[in-house]
């Protein structure tokens, strides 16, 4: 377990910027204490500072997880956001997609979002922006990348993909073993 | 010689030969079958010539030669040694010897003349390592001496154990054995960087100052938010350079001869820039000319695109 180096933080923040834009500051400046990022077994964890101090007393072979796992940094240096970050990121997210009830299940099985399943999309979503996918009842379902900008979505076919699937809450069951 | 004497000699020789052969035959084990005596002849043996040359004897090491001169004989050592401290027989070598030593040396006294903060265990381990290395070096030196190879005194000796790791180590040492410690050493054509050597960079503490860490994060954030290319600045610079060139051309291309009318000093801003551009004057001129070539309004067009950025749009040719 160690703090992230500057190169790693750059990668993480750049990725998070896709989803929450300039609200990364809100992650760092919180009223209920100092939060920080820690790297353990290649995974990036968002933890409160006090908990980090407790965790440093545990032998590092025995630590499975601490705080919230935001994602992992791959061997090639890229940062992949995991579904476990959803609760922390969805309030700050700027670009949102709402799905119809009929298509919710499909997304939660890991498929992309088609125009036919789209209910609403936030205004001025640029193409290839990071989005959070919501159900029609405003329950966050997962992350995605917008395949089309808002304006393009209006004119697209029902079978066009409008959002690439990145992570969904179905992964809590599917990838139970690998999520930390 | 006489022919008769030759004949007699040859006859006697032949008789002796056959006699010898027959005695040998009678010496062999014989058996009687059906009233006849049979002799079992020995199996035929085909002696092939040597395929490989005769092996050379074992080479004498430096110590063996010395021992021979001094008359030192080898003594057979027992496998176990009596240890006074542990009061038992401990193997002379191997895993159990190390264990026994660990038990004996659970504490080490710091000698009077030594630094109190020195790690005595580490020191002992270092000495042992060096002994092993020295032994290995001497062994390889013996081999080299026998094969008549040259062995350097320092650095990596020979390529007997050249795994990729060892070769990497050798290149690392070779690279860094310069006055600038390898900083300005150019790379060889296919040279790969060796991992894990050189100065080890320390990671930050896990439970360091959180405030400091937060500042670091903010700094990184600012860097990310900063745009990479300063497009406006680059455009402004290009336009400014073009203006300076045009001023120069208006004046006839001369930048004031040696005896300047203006007292030898660059008075105007464009003179300063011209002096700066001195070397690049022709390059920029070529650029402007090439821009004019590719499309009638090449020059005007490029200016027109950024017209909203520039203040004096009417300036120029």
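The values are calculated or read from the model by the stated rules, or taken from the named source; none is laboratory data. Since the structure is predicted, the reported quantities are computational estimates derived from the model, not experimental observations. Using ideal geometry, Cβ is built from the backbone for each residue, glycine included, and neighbour counts are taken over all protein chains shown.
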- [ ] Tell me, yes or no, whether the stretch B:37-55 has at least one residue that is surrounded by 11 or more Cβ atoms within 10 Å (Cβ to Cβ), more than 30 Å from residue B:132 (Cα to Cα) and touching a strand residue (DSSP E or B) at 6+ places or on another chain (Cβ under 8 Å).
- [x] yes
TODO: Exactly one condition in (1) within 24 Å of residue A:12 (Cβ to Cβ); (2) more than 7 Å from chain A (Cβ to nearest Cβ) is not met by residue B:194; state its number.
DONE: (1)
Open item on the list: Checking residue B:170 against (1) over 24 Å from the mean Cα position of the chain (by Cα); (2) modelled with pLDDT of 80 or more, only one condition comes out false. Which one?
Closed with: (1)
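In the stretch A:53-68, what residues are surrounded by 15 or more Cβ atoms within 10 Å (Cβ to Cβ) and without any contact (Cβ under 8 Å) to a residue 40 or more places away in the chain? Outline the logic, then answer.
Let us first name the residues in the stretch A:53-68 that are surrounded by 15 or more Cβ atoms within 10 Å (Cβ to Cβ), namely A:55-56, A:63, A:65-68.
A:67, A:68 - these are the residues of the stretch A:53-68 that are surrounded by 15 or more Cβ atoms within 10 Å (Cβ to Cβ) and without any contact (Cβ under 8 Å) to a residue 40 or more places away in the chain.
Just for strands (runs of 3 or more DSSP E) wholly inside the stretch A:1-73: which have at least 2 residues that are at the interface with another protein chain (Cβ under 10 Å from one of its Cβ atoms)?
Working: elements: A:33-40, A:43-48, A:68-73.
Per the criteria, A:33-40.
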